[in-house]
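Let me begin by presenting the structure, written as C-alpha cells, before commenting on it.
Every number here is computed from the coordinates shown, using simple stated rules; none is lab data. Please read these numbers as outputs of a predicted model, since none were measured by experiment. Cβ coordinates were reconstructed from backbone atoms using ideal geometry, including for glycine residues, and neighbour counts include every protein chain displayed.
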Amino acid sequence: MPILLFLIDTSASMNQRTDLGTSYLDTAKGAVELFLKLRARDPASRGDRYMLVTYDEPPYCIKAGWKENHATFMSELKNLQASGLTTLGQALRSSFDLLNLNRLISGIDNYGQGRNPFFLEPSILITITDGNKLTSTAGIQEELHLPLNSPLPGSELTQEPFRWDQRLFALVLRLPGLASTEPEQLGSVPTDESAITQMCEVTGGRSYCVRTQRMLNQCLESLVQKVQSGVVINFEKTGPDPLLIGEDGLMDSFKPSNSSAAQPWHSCHKLIYVRPNSKSGVPVGHWPIPESFWPDQNLPSLPPRTSHPVVKFSCIDCEPMVIDKLPFDKYELEPSPLTQYILERKSPHTCWQVFVTSSGKYNELGYPFGYLKASTTLTCVNLFVMPYNYPVLLPLLGK
C-alpha cells in the first residue's frame, strides 16, 4: 500500500503571485489535486494512503497523518494558509519521523537480521516549495540541515532519517510574476539548483525546477509514474572490469576494457522493483540482503546501518545456480547505466555475483548472496537473492 506524503511550504513567501494572479500556495494546492486525479487512473491507487505536512512547528505541522481519513486530508489541504519561516529541514525531519512512526513495532526493518526487500512500505514524499532562502528563528541558513535528534525509539539504528523504501521528490516553483513573451521551451524539466536537490538525490528521488504551468503538469505526470513498489540499493563494482565481448559474441582477451577510468555503470543508486504476489496481493520472499557486520554477542548495541545497502558486484562471469529444492527471490532493477551495460553484453546465460562488504567473519568482501543476470529475452536485468554463500550450500543440498 503506497504512502504519498505531501510536504507543502507554508512560509510567508508562498503568498507571492504568479503571472496568472494566483498565489504560489494556490498553485501548490492545485498541483496536489491534479496529482490525485492522475493517480486515480491506476486501479492500484485504491490502496493509497495520503498524508499532509506543513512548515508549522511540530507537532502542529502534521495536518493529516496515520489516523486521518481522505476527507480530512482534502479539508486540511483546502484550508492551508501561508505564514511563517522557511523551516524546510525541520519539516523534512517531521515528515520522515511520521513515516517511520510504526516501523519499530512492525519489525519491518528487521535490524540485525538482514534486510528483507519484501518487508516494505513504499513511500513517496513530494514537497512543493518556492526554493527561497532557508530561514529559522536564528536567521538565514545557506545549507539544508535536518535536526539529528529524533523522538522515535530505534531511530539511532539507521544513520539517515529516511529508509530505503522512501524517496523524496521536490517541485520547486519558479513561476514568473509577469507573463513571458518568449516561446516556452519544451523538453525534459531540469533539476533545481536549491539546497533540496541533493537531499532528493540521496534518497533516490529528484527535484524539478518548475517555470511554467505546463511544466508543472508535465512533472505531475512524471511523478505519478514514480509511484512504484521497490527499495533503493547502491550497486558498486568490485574488482576489474569484464573482458570486452567481440563482434562474434566471444570474449576478446586482447581487448581488456579500460578499468582505470570510472564509468557511470560502476556505481548506480537505483530501485529494485518489489512486485506483489499474484495470489496474495502482497510481496513474498525468502532471503535477506545480509547486514554489513558479523553478529557478535559481545556487541553492546547493533551498529547503525546506512538506509541504502551497498551491494558490490563482481564482473567475473559465473554460472547461474538454482536447484529445485530451494526457493530464490528475483527482483527487476530499475533501468540505469548498469542495466544498459549488462544488456549490451548480450550474455543472458552468465551472471555476476553480488556481495555485502564485512558480512562474513573471515573475508572482508563477504560471500556471495546472489547474482545479477540479464533476462533470457535481454529486456531487463534481475537481482537474484539466494541463501548466504549459496555456491557452497547448493551443491550440498543437491546431493
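Mean Kyte-Doolittle of at least 0.0 plus a Cα span of 15 Å or more along the axis: flag which DSSP H helices in the chain meet both, please.
Long hydrophobic helices here: 24-39, 88-99.
Taking the alpha-carbon distance from K78 and a cut-off under 27 Å, which lysines remain once sequence neighbours fewer than 8 residues away in the same chain are dropped?
K29, K37, K63, K67, K133, K226
What order, most packed first, do the peptides 41-51, 339-349 have when packing is the mean number of other Cβ atoms within 10 Å of each residue?
Numbers: 41-51: 13.5, 339-349: 16.2.
Packing proxy ranking, top to bottom: 339-349, 41-51.
Can you compute the charge dipole magnitude of the chain about its Cα centre, using +1 on each Lys and Arg Cβ and -1 on each Asp and Glu Cβ, nothing else charged? Give it in debye, rounded to the nearest 20. Before the final figure, lay out the partial values.
Values: 35 positive and 40 negative charges, 184 e Å.
Using only the charged Cβ atoms, the result is roughly 880 debye.
If one computes the Cα centroid of segment 263-316 and of segment 1-69, what distance in Å separates the two points?
What the calculation gives is 31 Å, centre to centre.
Let me have the 222 nm mean residue ellipticity of the chain computed from DSSP H runs of 4+ only, each contributing -39500 (n - 2.57), with the sum over all residues rounded to the nearest 500.
Numbers: 8 runs with 78 residues, N = 399.
It lands at -5500 deg cm²/dmol.
What residue among S155, S336, S75 has the largest mean-square fluctuation in a Gaussian network model of the chain, using Cα springs under 10 Å?
Taking springs between Cα atoms under 10 Å, the residue moving most is S75.
Given springs between every Cα pair under 10 Å in a Gaussian network model of the chain, which of H70, H266, H308 has the largest fluctuation?
Top of the fluctuation ranking is H70.
If I take every Cα pair under 8 Å that is 6 or more residues apart in the chain, average their sequence separation and divide by the length, what percent do I get for the relative contact order?
Working: 759 pairs, mean separation 56.4, N = 399.
Reported relative contact order: 14 percent.
What is the Å³ per residue value for the convex hull set by the Cα atoms of the chain? It would help to have the intermediate numbers written out before the result.
Details: hull volume 75.7 nm³, N = 399.
For the chain, the hull spanned by Cα atoms encloses 190 Å³ per residue.
What three numbers, in Å, describe the spread of the alpha carbons of segment 3-227 along their principal axes, ordered from the longest?
60, 46, 32
Could you order the peptides 108-117, 316-325 from most to least packed, using the average number of other C-beta atoms within 10 Å per residue? Present the calculation step by step, with values, prior to reporting the outcome.
Numbers: 108-117: 17.9, 316-325: 12.3.
Ranking, from highest mean packing down: 108-117, 316-325.
Two decimals is fine: what is log10 I(q)/I(0) at q = 0.12, 0.16, 0.22 Å⁻¹ for segment 51-132, from a Debye sum with one equal scatterer on every Cα and no solvent?
With no solvent term, the Cα-only Debye profile gives -0.44, -0.71, -1.11.
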